[in-house]
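One structure below.
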Amino acid sequence: MRSLSAVALCAAVALAGLGCQESGFDENKETVRPLKVQHVLGETKVPGQAEEPLTLTIDTLDDTLALGVRPARAAVPDARLPAYLRGQGRVSLMRPVGAGDLAAAEAVHADLILGSSSQAGLYEKLSRIAPTVITEGGGGQWKLNVRLVGEALGRTNAAEQVLIDYDGEAARALRAIRAAGAGSGAAKPRVAVVRVTANGLRYAKEDSFAGTILADAGVKQVTRNAPRAQVDVMLLSEGPGARAHVDGRFVRVDDELWWGPGGALAGRAALAQLQRAVGG
């Protein structure tokens, strides 16, 4: 069994910019038998390597696909994939699972269920259908969730490699953005991620998924609309019922991506959009 403290240590090392790989860890030997995985709601015994998972959220689907696993079914809003995931090949979709339609989840015959804290109220019932692992909600936790999904699927090494690859892409985006700024004589770019809603403008927070992407790419995030909060680039999207009017320079971006729950593939897609918007 791999302890949660090991995962936390790995995360701390990665946050320090050093990366993380387990020295001497033979994943093939460990995953021939069931594993115990600690998660948000406790400890679950999972298959050594799950092959037919059911994912209940966009981010658990994202991470599962990033780790090279095709889920048996994926529950997503309106049974429709966000644009950034539509190039990942065919995924069998279903509508979100609620308390009244657990039979739909049972009919999948999954060997593992992956959900987030939004399914906390269903955890006990889901666990009677298949081993269930619950990730932390909030897009700012997406890197830790990649590791947890990797552990639940028996693919911890793959999860670390996914994050190493992401770090490499973030470093390349940072260099491109700095080079573009140096060429124009501009200082560190000031970027705001803004959503137009029915109630006005909403600015992404630093601890959001969007905030992690801006931090990794080395730009200065603007988190509020104020006279002194100058913005070089505004990444603008529109939510349902959007009504506000926006003046000044902005670049339209994918709302489901930047305001979604994040994930490994979402991180790479957001970096690419940011680099095009800021670094050219």
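What follows draws every value from the coordinates through simple rules; no lab data is involved. Keep in mind the model is a prediction, meaning the values are calculated, not measured. Here the Cβ is made from the backbone with ideal geometry for all residues, glycine too, and neighbour counts use every protein chain on show.
For a quick check: sort Ser117, Ser237 by the number of other beta carbons within 10 angstrom, fewest at the front.
Going from sparsest to densest Cβ surroundings: Ser117, Ser237.
Net charge within 14 Å of Asp101 by Cβ-Cβ distance, Lys/Arg positive one each and Asp/Glu negative one each, not counting Asp101 itself?
Counting the neighbours of Asp101, the net charge comes to +2.
So, counting K/R as plus one and D/E as minus one, what does the shell of residues with Cβ under 10 Å around Val231 add up to?
Net local charge, Val231 excluded: +2.
Tell me which residues come under 5 Å, amide H to amide H, from Lys205 once H is placed; ignore anything under 5 positions away on its chain.
none
When the dipole is taken about the Cα centre of the range 182-279, and only Lys, Arg (+1) and Asp, Glu (-1) are charged at their Cβ, what size is it in debye, to the nearest 20?
280 debye
Taking the dipole about the Cα centre of the range 182-279, with the C-beta of Lys and Arg at +1 and of Asp and Glu at -1, give me whichever of Ala210, Val222, Ala242 is farthest to the positive side.
Going by the charge dipole, the pick is Val222.
Quick one: of Lys45/Lys205; Lys143/Lys220; Lys143/Lys205, which pairs are farther than 26 Å apart, Cα to Cα?
With Cα atoms farther than 26 Å apart: Lys45/Lys205.
From the square roots a ≥ b ≥ c of the eigenvalues of the alpha-carbon gyration tensor of the range 182-279, which class results: rounded (a/c under 1.5), prolate (a/b over b/c), or oblate?
Because a/c hits 1.5 or more and a/b fails to exceed b/c, the range 182-279 counts as oblate.
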